[in-house]
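The values are calculated or read from the model by the stated rules, or taken from the named source; none is laboratory data. As the structure is a computational prediction, the values presented were derived from the model and not from experiment. Glycine gets a Cβ as well: all are built from the backbone with ideal geometry, and neighbour counts include every protein chain shown. Remember, those area values only see protein heavy atoms, side chains included, never the ligands or the DNA or RNA. Shrake-Rupley method; radii C 1.70, N 1.55, O 1.52, S 1.80 Å.
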Amino acid sequence: MFREMARKKQLISEEECIELLKKEPRGVLSVLGDDDYPYGMPLNHYYCEEDGKIYFHGGKSGHKIDSIKKHNKASFCVYDQGFRNDGEWALNIRSVIVFGKIEIIEDMEKILHISRLLSYKFTKDEKYIEHEIVNAGPRTFMFALVPEYMTGKKVKEA
């Protein structure tokens, strides 16, 4: 059902893919939007090692939410900052694409827990995090991408 990568020499391991998902703060979630046009949006995310899901949050209405409710299949792409080998101009970049289905999270306790974990990717300021949880938590829409297929690669710009 999912295509294998054509350039197998560029393939990175599942462990490297998970490392990218855990480390990188944001990626692009792509869904089927209005009139079946692809709709990609940059989002921050939290990769949960315990269940292997990728969690996202946002407001309770809008194009993204309407698209997800209409069609639950999605893909999520994350890539790193890249690096240059000594003496080379070309950037080496690792990326991962995850295909799966979206599930909506309705358990408020879980929403608040994942929101805290996601916040720690950006700040360790407990006071700020708790303030945001109290003020924005009840208005938060959370959903998870349940992976069905994941592939990653390392490419060299040239």
Review point. What pairs in Lys64/Lys121; Lys69/Lys124; Lys53/Lys154; Lys69/Lys156; Lys22/Lys156; Lys60/Lys121 have C-alpha atoms more than 30 Å from each other?
Key: Lys69/Lys124; Lys69/Lys156
Check your understanding: Based on the Cβ-Cβ distance of Gln81 and Leu117, what FRET efficiency does E = 1/(1 + (r/R0)^6) give at R0 = 25 Å, to the nearest 0.05?
Key -> 0.65
Practice item. Mind telling me which of Ile97, Ile114, Ile129 comes out most flexible in a GNM of the chain, alpha-carbon contacts under 10 Å? Key: Ile129
Review point. Distance in nm between label sites at Arg26 and Glu157, each 7 Å beyond Cα in the beta-carbon direction?
Key: 1.8 nm
Check your understanding: Given (1) 14.4; (2) 8.8; (3) 11.3, which label gives mean projected area of the Cα convex hull in nm² as computed from the coordinates?
Key -> (3)
Check your understanding: Roughly how many Å² is the accessible area per residue of the chain, as a whole number, for a 1.4 Å probe?
Key -> 63 Å²
Practice item. Considering Cα pairs under 8 angstrom that are at least six residues apart, work out the relative contact order of the chain and quote it in whole percent. Key: 31 percent
Study note, to complete from the structure: Listed residues Asn92, Asn72, Asn44; largest mean-square fluctuation, Gaussian network over the chain with Cα springs below 10 Å, found at Asn92
Review point. Ignoring ligands, DNA and RNA, what percent of the accessible area of the chain is carbon or sulfur (1.4 Å)?
Key: 51 percent
Review point. Of all the stretches in the chain, which is the longest one without any exposed loop site, taking trypsin sites (Lys or Arg not before Pro) in a DSSP loop (any state but H, G, I, E, B) with at most 16 other Cβ atoms within 10 Å?
Key: 8-59
Exercise for review: At 7 Å along the Cα-to-beta-carbon direction for both His131 and Gln10, put a label point, then send me their distance in nm to one decimal.
Suggested key: 4.4 nm
Review point. Can you list residues whose amide H is under 5 Å from Thr140's amide H, if they're 5+ apart or on another chain and H is modeled 1.01 Å from N?
Key: none
Revision key, fill the gap. Of Glu15, Glu126, Glu88, the most mobile residue in a GNM of the chain (C-alpha springs, cutoff 10 Å) is Glu88
